[in-house]
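First up is the structure itself, then whatever we jot down about it.
The values are calculated or read from the model by the stated rules, or taken from the named source; none is laboratory data. These numbers come from a predicted model, not from an experiment. When we count neighbours, we look across all protein chains shown, and the Cβ atoms used for this are built from the backbone with ideal geometry, even at glycine. These accessible areas exclude ligands, DNA and RNA; they are computed on the full protein's heavy atoms, side chains included. Shrake-Rupley method; radii C 1.70, N 1.55, O 1.52, S 1.80 Å.
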Amino acid sequence: MHAISRLFSAITLRKPFWLWVAICMLVGVSTAALVGILQTTDAVRMEARKRFFEQYNRQQLILAKQAAHSIEETFATFRRNLSLVASLFEEKGVSRERAQLLSGSLQRMYESLMETDIIDLVVFDKAGTVVAISPSDEYTLGRNYAWRDYFRWARDEGRPGQMYLSPFMRLEGGQNRGDKALIVAQGIYNKRGDFNGVAMFTLNFDKLAKRQVLSVTIGEHGFAWLVDNNQQSVLVDPLGRVTDRGFEETFLPRWPKLYNLLISMRDGKPGTGSYEFVDPIDPDKAVSKLVGYQPVRIEDRLWTLGVATPTREVDALLSSFMQQQERYSGTLVVIIFTGTFILLSALLSWNHILAIQVDRRTQDLADARARLESTFDELLASKKLAAVGHLALGLAHEIRNPLSAIRMNIQMIRKRTQPAGPLQEHFSIVEEEILRLNRLVNDVMDFARARPLRLERTSLNPIIHRVMRLFAQRFKEAGIHTELQLRDDLEVTCDPEQIEQVVLNLISNAIEALEERDGYRELILILRRHRPYLSLQVIDNGQGIAAEDLDKIFDPFYTTKVSGGGLGLPTLQSIVLRHQGTITVDSAAGEKTCFTLLLPLDGPTEQTEKES
């Protein structure tokens with residue numbers, strides 16, 4: 001109050017005209033700045049919400065795409081194995097005697113597919129009589145099922161190699177009575193194309209849906225659903241229930257927007273959108289949901305898999321950032337009013353403190369803006385890394401199914417041909433590589449589930465030599481000159497298996513870059529001490545990395561490859577960060593590329609290891 005009194009006293013003493021002008025300008029500028037801050041806050045909120053929703057929808061679409069590909073690969077495995085069963089009966093026909101001779105092979109095939117949720121493997125002769133079933137079922141063996149749709153299809157319409165997929169059904173008999181199921185079948189034909197019988201798998205759809213669809217989650221109430229576009233029926237509804245109700249009876253009366261969205265998916269194109277549906281927290285209320293959906297193609301059937309999340313959940317993720325932004329805005333308002341009062345006092349008292357205060361407030365504003373930008377970047381990075389675990393599990397499942405089929409086929413071929421000499425050795429090498437790939441898949445799944453680091457004191461030299469031997473043939477074929485500058489006296493505390501994956505990833509990326517260039521190709525690995533770290537540099541003279549890509553190569557899902565991907569470097573970076581290390585890249589388009597890995601010589605601290 002005393003300061004304001006002095007202000008008005010000074011005004012009444014007829015201060016110079018320029019002082020009045022300066023005061024008015026200062027008040028006007030302060031008011032304009034306040035209005036600008038408030039308007040900017042609203043604009044930032046709207047723009048941030050729009051971009052955040054777009055990014056979240058893209059992540060849902062990525063999850064839907066990975067789950068859809070996993071389902072397609074599962075049914076491709078069934079098709080390959082049905083073709084293998086058909087080939088066993090192709091030459092000598094389908095009979096009870098032939099089935100008994102092949103009972104061991106059929107049982108092993110069934111056992112190799114148990115993880116894929118099949119209930120049984122059944123073989124019918126051309127009259128429709130069951131001649132083989134795994135697991136054994138004396139009640140079913142010898143019964144005739146020529147009236148079944150899949151048998152009539154294989155007899156009257158099917159072609160060699162073509163697979164039948166039944167509509168959704170419920171089992172009426174056996175120990176699985178009442179379970180929801182699907183039938184996949186393939187006709188057995190001789191070399192002239194004559195019909196000889198049918199090979200069939202019964203799938204437990206409840207288990208398949210739980211493993212392939214219901215396991216896909218994002219956030220607290222973000223779930224996946226699955227529909228059959230051909231039958232216009234719901235296989236897994238948006239509340240996570242396995243059902244077989246039609247689109248019209250399920251959605252049209254109360255949820256017309258979701259009904260129209262499902263009808264529009266008949267074109268088989270992926271996309272994103274939103275719809276209103278029952279609130280999972282309060283079933284009497286409706287909630288808006290964001291959705292990303294992807295077609296699932298199995299033979300001539302079209303399914304669609306969607307991943308949906310309530311918008312309130314996405315808003316909650318955004319609110320923490322926006323609250324931080326609003327706190328900064330409030331701070332700016334206080335700073336502006338405080339600065340105005342200080343400036344007015346300085347003008348009236350002719351004090352030189354004005355310049356000092358302006359500099360200080362300017363620095364405060366710069367720091368606040370820097371913290372705001374850092375907070376936004378951390379939020380985006382955390383959302384990207386949150387999807388890597390889900391995607392790693394999806395990729396691991398996609399790799400495991402074909403590996404199981406390859407191993408089973410190799411074992412069957414090996415048993416039937418009884419190879420000897422060099423051929424036997426080649427079979428052994430293939431099986432060892434399959435087992436090694438299985439271990440790699442397990443490591444990916446362990447990483448996705450954030451298993452604790454298995455730390456031990458070790459030298460990186462054996463790891464590097466082992467990886468180099470793995471790529472030896474590829475080096476030779478591509479004409480790549482390699483140079484290793486290693487030190488034998490360096491040891492580091494780390495998880496050797498995960499660090500081996502890091503080294504393998506860096507060398508594999510370098511080879512790919514070198515294979516794209518002409519002329520002399522060179523790969524150099526340098527291992528040395530960089531206190532208190534161990535430094536590993538992987539240098540190649542490939543095509544280099546463009547400047548616009550250099551800051552994005554560690555982003556999840558980002559890739560410059562036409563074929564997609566983008567998981568290797570983010571996964572690699574995650575492993576290094578869990579070791580409390582760093583990884584950097586130095587490159588430019590058309591220049592050499594150098595990845596530098598730094599690992600603490602004494603390993604990560606105990607606190608970080610527990611947190612990881």
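Given (1) under 27 Å from residue 80 (Cα atoms); (2) at pLDDT below 60, identify the lone condition not met by residue 358.
(1)
Among the residues of region 455-501, which ones are surrounded by fewer than 12 Cβ atoms within 10 Å (Cβ to Cβ) and part of a loop (DSSP other than H, G, I, E, B)?
479, 488, 489
Residues in region 502-522: is at least one of a type in the set (D, E, K, R) and exposed (fewer than 13 other Cβ atoms within 10 Å of the Cβ)?
yes
Residue 88 - would you say it is in contact with a Leu (Cβ under 8 Å, 6 or more places away or on another chain), buried (at least 20 other Cβ atoms within 10 Å of the Cβ), free of Cβ contacts under 8 Å to residues at least 40 places away in the same chain and under 19 Å from residue 413 (Cβ atoms)?
yes
Report, ordered by the first and then the second residue, all pairs with beta carbons closer than 6 Å, sequence separation of six or more or different chains, a first member in region 521-547 that is over 20 Å from residue 467 (Cα atoms), and a second member that is of a type in the set (Lys, Arg) and surrounded by fewer than 16 Cβ atoms within 10 Å (Cβ to Cβ).
Close Cβ pairs satisfying both conditions: 543/517.
Out of the residues in region 204-248 that are within 19 Å of residue 258 (Cβ to Cβ) and among the charged types (D, E, K, R), which is farthest from the chain's Cα centre (by Cα)?
Across region 204-248, the extreme among qualifying residues is 248.
What strands (runs of 3 or more DSSP E) completely inside region 136-234 contain at least 3 residues that are more than 30 Å from residue 290 (Cα to Cα)?
Output list reads 163-165, 180-189, 195-204.
Output the number of the condition that residue 52 fails; it satisfies all remaining conditions of (1) open to solvent by 20 Å² or more (accessible area, probe 1.4 Å); (2) in contact with an Asp or Glu (Cβ under 9 Å, 6 or more places away or on another chain); (3) at pLDDT below 90.
Answer for residue 52: the failing condition is (1).
Please determine whether any residue of region 255-273 is open to solvent by 60 Å² or more (accessible area, probe 1.4 Å), free of Cβ contacts under 8 Å to residues at least 24 places away in the same chain and aliphatic (A, V, I, L, M).
Checking region 255-273: not a single residue is open to solvent by 60 Å² or more (accessible area, probe 1.4 Å), free of Cβ contacts under 8 Å to residues at least 24 places away in the same chain and aliphatic (A, V, I, L, M).
Suppose we keep only residues that are among the aromatic types (Phe, Trp, Tyr) and modelled with pLDDT under 90 within region 125-182. Which one would you say is farthest from residue 234 (Cα to Cα)?
Looking at the filtered set, the residue picked out is 139.
Considering (1) in contact with a Leu (Cβ under 6 Å, 6 or more places away or on another chain); (2) in a helix (DSSP H, G or I), say which one residue 108 fails and leave the rest.
Every listed condition holds for residue 108 apart from (1).
Any idea which of 67, 22, 76 is at pLDDT below 80 and of a type in the set (Gly, Ala, Ser)?
22
State whether one or more residues within region 553-568 are at pLDDT 90 or above and surrounded by 15 or more Cβ atoms within 10 Å (Cβ to Cβ).
no
Collect the residues in region 418-428 that are open to solvent by less than 80 Å² (accessible area, probe 1.4 Å) and not in a loop (DSSP other than H, G, I, E, B), keeping them in residue-number order.
Residues satisfying the conditions are 424, 427, 428.
Looking only at region 296-312, decide whether some residue is at pLDDT 80 or above and in a helix (DSSP H, G or I).
Looking for residues that are at pLDDT 80 or above and in a helix (DSSP H, G or I), one finds at least one in region 296-312, hence yes.
So which residues in region 202-245 are polar (S, T, N, Q), within 19 Å of residue 78 (Cβ to Cβ) and surrounded by 16 or more Cβ atoms within 10 Å (Cβ to Cβ), if there are any at all?
Those that are polar (S, T, N, Q), within 19 Å of residue 78 (Cβ to Cβ) and surrounded by 16 or more Cβ atoms within 10 Å (Cβ to Cβ): 202, 204, 212.
Cβ-Cβ below 8 Å, separation at least six or inter-chain, first residue in region 51-63 and touching a residue at least 60 places away in the same chain (Cβ under 8 Å) and within 12 Å of residue 294 (Cα to Cα), second among the hydroxyl-bearing types (Ser, Thr, Tyr) and crowded, with 20+ Cβ neighbours inside 10 Å: which pairs?
60/309; 61/293
Within region 114-132, can you find the residues that are closer than 18 Å to residue 79 by Cα and either open to solvent by 10 Å² or more (accessible area, probe 1.4 Å) or part of a helix (DSSP H, G or I) (or both)?
114, 115, 116, 117, 118, 119, 120
Residue under question is residue 186, and the condition is that it be in contact with a helix residue (DSSP H, G or I) (Cβ under 8 Å, 6 or more places away or on another chain), at pLDDT below 90 and open to solvent by less than 30 Å² (accessible area, probe 1.4 Å); does it hold?
no
Residues checked against (1) hydrophobic (A, V, I, L, M, F, W, C); (2) within 39 Å of the chain's Cα centre (by Cα):
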| position | (1), (2) |
| --- | --- |
| 101 | yes, no |
| 142 | no, no |
| 187 | no, yes |
| 191 | no, no |
